[in-house]
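Dropping the structure in here first, questions after.
The values are calculated or read from the model by the stated rules, or taken from the named source; none is laboratory data. Everything numeric in this text was worked out from a predicted model, so none of it was measured. For neighbour counting, all protein chains shown are included, and Cβ atoms are generated from backbone atoms with ideal geometry for every residue, glycine included. Only protein heavy atoms, including side chains, enter the accessible area calculation; ligands, DNA and RNA are left aside. Shrake-Rupley method; radii C 1.70, N 1.55, O 1.52, S 1.80 Å.
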Amino acid sequence: AQTVTQSQPEMSVQEAETVTLSCTYDTSESNYYLFWYKQPPSRQMILVIRQEAYKQQNATENRFSVNFQKAAKSFSLKISDSQLGDTAMYFCASLPMTGAQKLVFGQGTRLTINP
Amino acid sequence: ETGVTQTPRHLVMGMTNKKSLKCEQHLGHNAMYWYKQSAKKPLELMFVYNFKEQTENNSVPSRFSPECPNSSHLFLHLHTLQPEDSALYLCASSPTLAGAVYNEQFFGPGTRLTVL
C-alpha cells in the first residue's frame, strides 16, 4: 500500500521569500510518479510539478523545484520568490506507473504568503 | 465551457433524500475519477472509469452509486447518506490511465456536499 505524509499542517512566509514544503512517502512499487498539487481557495486542484521516480534529476517548473531523495523516500517542494498567488493548500501525492490507478494524497500543507 | 465542470457547486440534502452530482469534461479524455475530500482526512479516491468501464472501486459504501454513460460524463448518485458523508467531492479526468506514459489528471472545482 502507498502512504504519503506531510508533517507541516500550516506554513507562513513573507512575499519574495523561499519556502520548502516537506513530504515523505512509502510505496512497494518500483516505478511511480510523485506530484505536488496546489488547491487555492477557489478549490480547483492544479498540478504544480511531477517527478518520475526513475529519473535522478530533480524536476523544475519556473519558481517551483523539488528535492527528490529516493532512498529516503522524501519529496520536498521548494517555492522561490514566493508570490501572494501562491497562497493555497499544497498536496503531495504518489501514483504507481502500473496496476491500480490510485493517486494517494498527503494531508496537505496550508501555505500563506504574507505581503 | 472548458476543462472539467461540476454541478452543483453546493448541495445540502437530508439523510433520506436522493440526489446526483454531475461531472463533465470537455478535454476529450477517456478516464474519469471521483474523489472525496473531507476536512480531517486526505483526499480519497472513490471510483475510476476508463472508456466508460469501472476499473476501481475503493471500498466505497453502496449509498454512493457512480454512473459513466460516456467518456465525457460522470455521475455520482447519492441516497440515504450520513452526516459523515459531508465533504467536497472532486471529479477529475485524464487522457487515459497512467502507465509508463504519464497522463495528467485535471480536476474540477468540486461539489460541496452537506448532509443534515
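In segment A:61-73, is there at least one residue being within 12 Å of the chain's Cα centre (by Cα) and within 12 Å of another protein chain (Cβ to nearest Cβ)?
Start the filter on segment A:61-73 by keeping residues that are within 12 Å of the chain's Cα centre (by Cα), which leaves A:64-68.
Going one step further and asking which of them are within 12 Å of another protein chain (Cβ to nearest Cβ), we end up with none.
For segment A:61-73, residues within 12 Å of the chain's Cα centre (by Cα) and within 12 Å of another protein chain (Cβ to nearest Cβ): absent.
Of the residues that sit in segment A:77-115 and are open to solvent by 20 Å² or more (accessible area, probe 1.4 Å) and of a type in the set (Ser, Thr, Tyr), which one is nearest to residue A:12 (Cα to Cα)?
In the first step, residues of segment A:77-115 are kept if they are open to solvent by 20 Å² or more (accessible area, probe 1.4 Å); the result is A:78, A:80-81, A:83-85, A:87, A:89, A:98-100, A:102, A:104, A:107, A:110, A:112, A:114-115.
Then keep just the ones that are of a type in the set (Ser, Thr, Tyr); that gives A:80, A:87, A:98, A:112.
Values: A:80: 14, A:87: 9, A:98: 37, A:112: 5 Å.
Looking at the filtered set, the residue picked out is A:112.
Follow-up question, since we're still on this one. Would you pick out the residues in segment A:2-12 that are open to solvent by 60 Å² or more (accessible area, probe 1.4 Å), within 12 Å of chain B (Cβ to nearest Cβ) and of a type outside the set (S, T, N, Q)?
Within segment A:2-12, A:9 is the sole residue that qualifies.
From the residues in segment B:10-38 that are under 27 Å from residue A:42 (Cβ atoms) and among the small types (Gly, Ala, Ser), which one is least open to solvent (accessible area, probe 1.4 Å)?
Here the answer is B:31.
Here is a list: B:29, B:79, B:73. Which entry is at pLDDT 95 or above and farther than 27 Å from residue A:7 by Cα? Let's see the steps before the verdict.
Details: B:29 fails: at pLDDT 95 or above; B:79 fails: at pLDDT 95 or above.
Within the list B:29, B:79, B:73, the selection yields B:73.
Can you tell me which residue in segment A:13-40 is surrounded by the fewest Cβ atoms within 10 Å (Cβ to Cβ), limited to those that are closer than 18 Å to residue A:108 by Cα and within 11 Å of chain B (Cβ to nearest Cβ)?
Initially, segment A:13-40 is screened for residues closer than 18 Å to residue A:108 by Cα, giving A:13, A:19-26, A:33-40.
Keeping just the survivors that are within 11 Å of chain B (Cβ to nearest Cβ) gives A:33, A:35, A:37-40.
On the way: A:33: 20, A:35: 25, A:37: 23, A:38: 21, A:39: 21, A:40: 13.
So the residue we want is A:40.
Tell me, yes or no, whether segment B:10-18 has at least one residue that is at pLDDT below 95 and under 14 Å from the mean Cα position of the chain (by Cα).
Looking for residues that are at pLDDT below 95 and under 14 Å from the mean Cα position of the chain (by Cα), one finds none in segment B:10-18, hence no.
Another one. Kindly indicate the residue of segment B:34-60 that is within 11 Å of chain A (Cβ to nearest Cβ), part of a loop (DSSP other than H, G, I, E, B) and hydrophobic (A, V, I, L, M, F, W, C) and also nearest to residue B:95 (Cα to Cα) among those meeting that condition.
B:43
So, one more: Please go through segment B:39-48 and give me each residue that is in contact with a Ser or Thr (Cβ under 9 Å, 6 or more places away or on another chain) and open to solvent by 20 Å² or more (accessible area, probe 1.4 Å), ordered by number.
Those that are in contact with a Ser or Thr (Cβ under 9 Å, 6 or more places away or on another chain) and open to solvent by 20 Å² or more (accessible area, probe 1.4 Å): B:39, B:44.
Which of the residues that make up segment A:8-38 are polar (S, T, N, Q) and modelled with pLDDT under 95? Step through it out loud before you land on a result.
Going through segment A:8-38, the residues polar (S, T, N, Q) turn out to be A:8, A:12, A:14, A:18, A:20, A:22, A:24, A:27-28, A:30-31.
Those that are polar (S, T, N, Q) and modelled with pLDDT under 95: A:27, A:28, A:30, A:31.
If you go through segment A:41-66, how many residues are surrounded by fewer than 15 Cβ atoms within 10 Å (Cβ to Cβ) and either under 13 Å from residue A:109 (Cβ atoms) or touching a strand residue (DSSP E or B) at 6+ places or on another chain (Cβ under 7 Å) (or both)? Full working, then the answer.
So the first thing to find is which residues in segment A:41-66 are surrounded by fewer than 15 Cβ atoms within 10 Å (Cβ to Cβ), and the list is A:41-42, A:46, A:54-57, A:60-63.
Those left that are additionally either under 13 Å from residue A:109 (Cβ atoms) or touching a strand residue (DSSP E or B) at 6+ places or on another chain (Cβ under 7 Å) (or both): A:46, A:61, A:63.
Total meeting the criteria: 3.
Do we have any residue at all in segment B:82-104 that's within 11 Å of chain A (Cβ to nearest Cβ), without any contact (Cβ under 8 Å) to a residue 24 or more places away in the chain, under 15 Å from residue A:44 (Cα atoms) and open to solvent by 40 Å² or more (accessible area, probe 1.4 Å)?
Yes; the residues of segment B:82-104 include at least one that is within 11 Å of chain A (Cβ to nearest Cβ), without any contact (Cβ under 8 Å) to a residue 24 or more places away in the chain, under 15 Å from residue A:44 (Cα atoms) and open to solvent by 40 Å² or more (accessible area, probe 1.4 Å).
Checking residue B:66 against (1) part of a loop (DSSP other than H, G, I, E, B); (2) crowded, with 18+ Cβ neighbours inside 10 Å, which single condition isn't satisfied?
With respect to (1) part of a loop (DSSP other than H, G, I, E, B); (2) crowded, with 18+ Cβ neighbours inside 10 Å, residue B:66 is out only on (1).
Follow-up question, since we're still on this one. Mind listing whichever residues of segment B:105-116 are at pLDDT 95 or above, surrounded by fewer than 19 Cβ atoms within 10 Å (Cβ to Cβ) and not polar (S, T, N, Q)?
B:112 - this is the single residue of segment B:105-116 that is at pLDDT 95 or above, surrounded by fewer than 19 Cβ atoms within 10 Å (Cβ to Cβ) and not polar (S, T, N, Q).
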